Amino acid sequence: MKTKLSAFVLLFLVTIGVNAQIDRSKQPKAGPEPEISLEVPGEFELKNGLKVLVVENHKLPRVSYSLRLDNKPIATGKKAGIESLIGSMLGNGTKSIAKDEFNEEIDFLGARLNFGISGGFASSLSKYSDRILELMADAAINPLLTEEEFDKEKTKLIESLKQDEKSIDAIGNRVRTALSYGTNHPYGEFTTEETINNVSFGDAVSFYEKYFNPNNAYLVVIGDVDFSDVKRQIKKHFNKWEKSVDVTTSLPNVSPNAQYTQINFVDLPSATQSSIMVTNTVDLKMNDEDYHAALIANNILGGGGEGYLFKNLREEHGYTYGAYSSLYADRYGAARFNATAKVRNMVTDSAVVEALKEINRIKTEPVDAQTLKDAKAKYVGNFIMGLERPQTVANYALNIKLNNLPKDFYTTYLQRINDVSVEDVKRVANKYFKSENARVVIVGKGSDVLENLEKTGIPIKYYDAYANATEKPVFSKPLPKGLTAETVIKNYVTAVGGEANLRKVNSTLTNADVTIQGAPFKPKAILKQMSPNKFSMEMIVEGMGTVMKQSFDGENGYQEQQGRKVPMEEKDVTSRKAEKGLFPELFMEASNIELESMTTIEGTDVYKIKVIKGEKISFRYYDTKSNLLLRTESTTEVQGQSVTTITDLSNYKEVAGVMIPSTTKIINGPQVIILETTEVKVNEGVTEADFN
């Protein structure tokens, strides 16, 4: 006890002493400007052209190898995606080591090894350096390329493309780059299912043989190694890599920026928010005099939470979770400026106006001196912290070589940042932030946002999801004379089996396979329903059991996740109680439904019905020909944000005299969930106990 008390008194006295010596009313003076002294990597070159940079760092017993093939960007045209296909096959075995055996040895060594068409990376404990380098060299020089593996990678890539079909980010990036650069430019071309199917196994192998060579390759070695040992090991393993014939490629000219500020709009009816990208191409290289000033100008505009865009669109107006800008340098003169945000549908027009206002503000108003000072301090801090990583030293050395930079580029970096003036910021903003020639690429739900976008006065051009010019989408077609909402509902009831059959359905048991976009696992779902409003859903993952369950017994409900059961919120209980029967159409009253319009969903004409329940409004879309329900749409408030949930229904199949959709796709904000029904039971397999 005496020892503890003594320690406490000592701590108290030290604290008092320290506080007595510091005047906390005054801000501490800044320390001296740090001096940048970069270690120069050791270098050597093999006869085949492979250039090696070595950074010795003996703090930890680890080593890493980064292989970079410095080829010019290549446009692959009708076979776009060939580089992804062959790249995904590399690093999975060699001609002398089978795929499984190769990967097992990597795991046994506690190492990492991966490849792409532009190079590869390997790391391990330094005591295994010779073996991991040998495996890396073997994988680069003698990759195991089989037609079976090629077919697997092709299937995976096509599946990935299908998952991106409804992604506002994927569509926006594709359209933006295609319009900015032109589809014949390597930066503007894009991969489709058609271009992937144009690629044969022989094409992929030929591409590897032509472009994966040491002619323009760099190998960066970092870690607990000795330069002479590394040189001996690399000569031993990489001398076998044969130099190939140099491939001369020329880059096409970049498409000119827009003649005037314009909105390039892509209609995505399933979009629950809008993706906005203000973009223009620029000619900015790292060795340009403007480079450092351009970095600071972009940082002030949209480099983070302190940026003009973020403070306006998020903090002042609450349009988005974040708004940012980026300015990339490119050694081939094809750099670009982007300002981006994802916003709620109803504020898309306002967000565009405010984003352009902030871009024009930095071009016309001198930046506040303190804002400039803070931006520099943030940049300097990030730069200095980066120097703690040995990879940074090697990357900087490589940058100097690849970008034709002066040898003192990084030792004078901080001085050049601190030399940026208020006038410099305004000058480079006018040079590189071309709001007067910008494309405002928007992907969103046209029926919700176009009317207000037109009021901005900014000219609008229309494109499809693959950057093809198109006509303005038609959101409403003339309704058949005399058609009412009640008629549409009655036609649906008849189409799915008739009122008598529907009323016989007292319960359903549905088993389904579930795909959650981006998730590494595929759950199975068990859904149970019982008239009038009992509901249960259970998600099961193989090896993990039940990962989530929801249940409502007609009066109360709960959600269970990871063993924790949480009562259903009152608003959800009220909503569940209001449900009547398993087919809502049987209980809809004429006063609560309106035939709003005839529109289209992916080329299919549908009737749009508004359903009003108290203050809650939702929409249901019925095929004009089959009369089947194709989509439901509802909006809820989540943490102050409006979130729209879209449910698409397709592949109807007859079960016990009733047509039931076997595919359900749920889009909830950025999340996409697809349920493929494997079994449906009507009036069997469900009891009251299932909802307790």
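The values are calculated or read from the model by the stated rules, or taken from the named source; none is laboratory data. Every value quoted in this text rests on a predicted model; they were computed, and no experiment measured them. We place every Cβ from the backbone using ideal geometry, glycine too, and count neighbours over all the protein chains shown.
Region 62-163 holds helices (runs of 4 or more DSSP H) entirely within its bounds, and those carrying 2 or more residues that are among the hydroxyl-bearing types (Ser, Thr, Tyr) map to 82-89, 147-163. Remark: pairs (first residue in region 575-586, of a type in the set (Phe, Trp, Tyr); second residue surrounded by 15 or more Cβ atoms within 10 Å (Cβ to Cβ) and not in a helix (DSSP H, G or I); Cβ separation under 9 Å; 6+ apart in sequence or on different chains) = 583/496; 583/505; 583/658. Can you confirm whether residue 481 is surrounded by 14 or more Cβ atoms within 10 Å (Cβ to Cβ), over 29 Å from the mean Cα position of the chain (by Cα) and more than 15 Å from residue 180 (Cβ to Cβ)? Here the answer is no, as residue 481 does not meet what is asked. Among the residues of region 558-588, the ones that are under 35 Å from the mean Cα position of the chain (by Cα), surrounded by 11 or more Cβ atoms within 10 Å (Cβ to Cβ) and among the small types (Gly, Ala, Ser) come to 1 in all. Determine which member of the set 440, 449 is within 22 Å of residue 270 (Cα to Cα) and assigned to a strand (DSSP E or B). So the residue among 440, 449 that is within 22 Å of residue 270 (Cα to Cα) and assigned to a strand (DSSP E or B) is 440. In this entry, residue 433 passes the filter for residues that are crowded, with 18+ Cβ neighbours inside 10 Å and aromatic (Phe, Trp, Tyr).
Taken as a whole, region 120-140 holds no residue that is surrounded by 16 or more Cβ atoms within 10 Å (Cβ to Cβ) and within 30 Å of residue 264 (Cβ to Cβ).
Between 367, 380, the distinction of being in contact (Cβ under 8 Å) with a residue 12 or more places away in the chain, outside any helix (DSSP H, G or I) and either within 30 Å of residue 66 (Cα to Cα) or not acidic (Asp, Glu) (or both) belongs to 367 only. The strands (runs of 3 or more DSSP E) found entirely in region 180-299 that carry 2 or more residues being polar (S, T, N, Q) and in contact with a strand residue (DSSP E or B) (Cβ under 9 Å, 6 or more places away or on another chain) are 262-267, 273-282. Of all the numbered requirements in (1) farther than 25 Å from residue 590 by Cβ; (2) crowded, with 17+ Cβ neighbours inside 10 Å, residue 505 misses one, and that requirement is (1).
Listed by first and then second residue, the pairs with beta-carbon distance under 8 Å, at least 6 apart or on different chains, first residue in region 390-414 and under 18 Å from residue 288 (Cβ atoms), second part of a loop (DSSP other than H, G, I, E, B) and of a type in the set (Ser, Thr, Tyr), are 396/410; 400/410.
Residues of region 306-317 that are part of a loop (DSSP other than H, G, I, E, B) and in contact (Cβ under 8 Å) with a residue 24 or more places away in the chain: 306, 317. For residue 374, the test of being part of a helix (DSSP H, G or I), of a type in the set (Asp, Glu) and over 16 Å from residue 305 (Cα atoms) is failed. The set of residues from region 63-91 being in contact with a strand residue (DSSP E or B) (Cβ under 8 Å, 6 or more places away or on another chain) and either within 24 Å of residue 234 (Cβ to Cβ) or of a type in the set (Asp, Glu) (or both) comprises 63, 64, 65, 66, 67, 68, 69, 70, 87, 90, 91. State all residues of region 512-568 that are among the hydroxyl-bearing types (Ser, Thr, Tyr) and either at positive phi or touching a Leu at 6+ places or on another chain (Cβ under 6 Å) (or both); if no residue qualifies, say none. If the condition is that a residue be among the hydroxyl-bearing types (Ser, Thr, Tyr) and either at positive phi or touching a Leu at 6+ places or on another chain (Cβ under 6 Å) (or both), then 531 is the only one that fits. Out of all the residues in region 92-112, which are more than 19 Å from residue 69 (Cβ to Cβ), touching a residue at least 40 places away in the same chain (Cβ under 8 Å) and not hydrophobic (A, V, I, L, M, F, W, C)? Across region 92-112, the qualifying residues are 93, 95, 96, 99.
Being within 23 Å of residue 159 (Cα to Cα) and surrounded by 19 or more Cβ atoms within 10 Å (Cβ to Cβ) holds for only one residue in 217, 204, and it is 204.
Among the conditions (1) crowded, with 19+ Cβ neighbours inside 10 Å; (2) free of Cβ contacts under 8 Å to residues at least 60 places away in the same chain; (3) charged (D, E, K, R), the only one that residue 209 does not satisfy is (1). Against the test of being surrounded by 18 or more Cβ atoms within 10 Å (Cβ to Cβ), without any contact (Cβ under 8 Å) to a residue 40 or more places away in the chain and not assigned by TED's automatic domain parsing to the domain that holds residue 181, the options 272, 279, 320 yield a single qualifying residue, 320. Evaluation of residue 521 against the conditions (1) part of a loop (DSSP other than H, G, I, E, B); (2) in contact with a strand residue (DSSP E or B) (Cβ under 8 Å, 6 or more places away or on another chain); (3) of a type outside the set (A, V, I, L, M); (4) within 30 Å of residue 176 (Cβ to Cβ) shows that the sole unmet condition is (4). Is one or more of the residues making up region 538-554 within 17 Å of residue 680 (Cβ to Cβ), polar (S, T, N, Q) and in contact (Cβ under 8 Å) with a residue 60 or more places away in the chain? Checked against the condition, which is being within 17 Å of residue 680 (Cβ to Cβ), polar (S, T, N, Q) and in contact (Cβ under 8 Å) with a residue 60 or more places away in the chain, region 538-554 yields no hits at all.
Restricting attention to region 333-356, the residues that are in a helix (DSSP H, G or I) and charged (D, E, K, R) total 2. Considering region 438-469, the residues that are exposed (fewer than 14 other Cβ atoms within 10 Å of the Cβ) and without any contact (Cβ under 8 Å) to a residue 40 or more places away in the chain include one that is farthest from residue 337 (Cα to Cα), namely 451.
Conditions tested, residue by residue: (1) outside the structural domain of residue 58 (by TED's automatic domain parsing); (2) among the β-branched types (Val, Ile, Thr); (3) under 36 Å from the mean Cα position of the chain (by Cα); (4) closer than 27 Å to residue 388 by Cβ.
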{"site": "208", "(1), (2), (3), (4)": "no, no, yes, no"}
{"site": "212", "(1), (2), (3), (4)": "no, no, yes, no"}
{"site": "220", "(1), (2), (3), (4)": "no, yes, yes, yes"}
{"site": "223", "(1), (2), (3), (4)": "no, no, yes, yes"}
{"site": "226", "(1), (2), (3), (4)": "no, no, no, yes"}
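Taking first residues from region 154-166 that are of a type in the set (Asp, Glu) and partners that are at pLDDT 90 or above, the Cβ contacts under 7 Å between residues at least 6 apart in sequence or on separate chains come to 164/170. When region 402-437 is filtered for residues that are β-branched (Val, Ile, Thr), part of a loop (DSSP other than H, G, I, E, B) and under 17 Å from residue 373 (Cβ atoms), only 420 remains.
Quick grid of which residues meet (1) among the basic types (Lys, Arg); (2) touching a residue at least 12 places away in the same chain (Cβ under 8 Å); (3) outside the structural domain of residue 65 (by TED's automatic domain parsing); (4) over 22 Å from residue 239 (Cα atoms):
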{"site": "114", "(1), (2), (3), (4)": "no, yes, no, no"}
{"site": "131", "(1), (2), (3), (4)": "yes, yes, no, no"}
{"site": "147", "(1), (2), (3), (4)": "no, yes, no, yes"}
{"site": "150", "(1), (2), (3), (4)": "no, yes, no, yes"}
{"site": "168", "(1), (2), (3), (4)": "no, yes, no, yes"}
